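K.L.:
Take this structure, written in structure tokens, and hold onto it; I'll ask about it next.
The values are calculated or read from the model by the stated rules, or taken from the named source; none is laboratory data. Note that the structure is a prediction, hence the values are computed from the model and not measured. Cβ: placed from backbone, ideal geometry, glycine included. Neighbour counts: every protein chain shown. Surface accessibility is based on the protein's heavy atoms, side chains included, excluding ligands, DNA and RNA. Shrake-Rupley method; radii C 1.70, N 1.55, O 1.52, S 1.80 Å.
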Amino acid sequence: MATTRRAFMVFGASTLALGLAGCLAATPPITYDLTSASQVPMRRRSSRVVVITLPVAVQTYDTQRVVVRDVGNVLSYLPDAQLSDTLPRLVQTRLLQTFQASNFPNIGRPDDQLSVDITLATDLQAFEIDASNGNLATVTINAKLVDERRGLIFASRSFSATQPATIEPAAAAIGGLDTALRQVMSEILLWTAQTA
């Protein structure tokens, strides 16, 4: 009985040690960042205060992982890669930096405690590598301009861009998504400057 018990304990300890060794040996995912668009020539039609809210996203995109869409709308994540923050927070930050780089006046976030005239609300509809369509890095963002004084949406538009990309190496996938995102953010900036 004691021998059996001792053998069981030794086996259990060995299994635990092997499990821990496997966890410790696992390679952590490489962290990639996204960039804002550089200065975009634009002319602002008004001086109203615009606030960029946190983008809305389904749970699939509300993560640090990068989505891969396969045939039949099967979704998975890019292995061994992650973003430097959750996608909505990262897009909000880079969109704000895109506006700031182009000297867009009176722009901020909700927590800046500004007297808000207009809210730029966005919806992340796609941020993925579309493996079912020739490995395209696809970014689609729907943007709405909300007049906070009157409580209504006065403009809405969907922005989309694609770039050729490969799933391996992960850096190429992230690079394609980064380029597509910069294009979309530049278009959102120009549209907001002309409309808000």
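K.L.:
State whether one or more residues within the stretch 164-179 are open to solvent by less than 30 Å² (accessible area, probe 1.4 Å) and without any contact (Cβ under 8 Å) to a residue 60 or more places away in the chain.
P.N.:
yes
K.L.:
Restricting attention to the stretch 41-49, does a residue exist that is within 14 Å of the chain's Cα centre (by Cα) and modelled with pLDDT of 95 or more?
P.N.:
No, because not a single residue in the stretch 41-49 is within 14 Å of the chain's Cα centre (by Cα) and modelled with pLDDT of 95 or more.
K.L.:
Looking at (1) without any contact (Cβ under 8 Å) to a residue 40 or more places away in the chain; (2) open to solvent by 50 Å² or more (accessible area, probe 1.4 Å), find the lone condition where Ala161 falls short.
P.N.:
Answer for Ala161: the failing condition is (2).
K.L.:
While we're on this one: May I ask you to list the residues in the stretch 49-67 that are out of contact with any helix residue (DSSP H, G or I) (no Cβ under 8 Å at 6 or more places or on another chain) and either open to solvent by 80 Å² or more (accessible area, probe 1.4 Å) or assigned to a loop (DSSP other than H, G, I, E, B) (or both)?
P.N.:
Matches in the stretch 49-67: Val49, Val58, Gln59, Thr60, Arg65.
K.L.:
Report yes if some residue within the stretch 115-126 is small (Gly, Ala, Ser), over 24 Å from Arg45 (Cα atoms) and open to solvent by 60 Å² or more (accessible area, probe 1.4 Å); otherwise report no.
P.N.:
Checked against the condition, which is being small (Gly, Ala, Ser), over 24 Å from Arg45 (Cα atoms) and open to solvent by 60 Å² or more (accessible area, probe 1.4 Å), the stretch 115-126 yields no hits at all.
K.L.:
How many residues does the stretch 68-101 contain that are crowded, with 20+ Cβ neighbours inside 10 Å and not in a helix (DSSP H, G or I)?
P.N.:
Counting residues in the stretch 68-101 that are crowded, with 20+ Cβ neighbours inside 10 Å and not in a helix (DSSP H, G or I) gives 2.
K.L.:
Still on this structure, please answer the following. Out of all the residues in the stretch 34-54, which are of a type outside the set (Lys, Arg) and over 19 Å from Thr179 (Cα atoms)?
P.N.:
Correct list: Met42, Ser46, Ser47, Val49, Val50, Val51, Ile52, Thr53, Leu54.
K.L.:
Residues in the stretch 136-158: is at least one of a type in the set (Ser, Thr, Tyr) and open to solvent by 60 Å² or more (accessible area, probe 1.4 Å)?
P.N.:
The answer is yes; a qualifying residue exists.
K.L.:
What are the pairs, 6+ residues apart or on separate chains, where a residue within the stretch 81-101 that is within 17 Å of Thr192 (Cβ to Cβ) and touching a residue at least 24 places away in the same chain (Cβ under 8 Å) has its Cβ under 6 Å from a residue that is surrounded by fewer than 19 Cβ atoms within 10 Å (Cβ to Cβ) and aliphatic (A, V, I, L, M)?
P.N.:
Note: pairs meeting the criteria are Gln92/Leu54.
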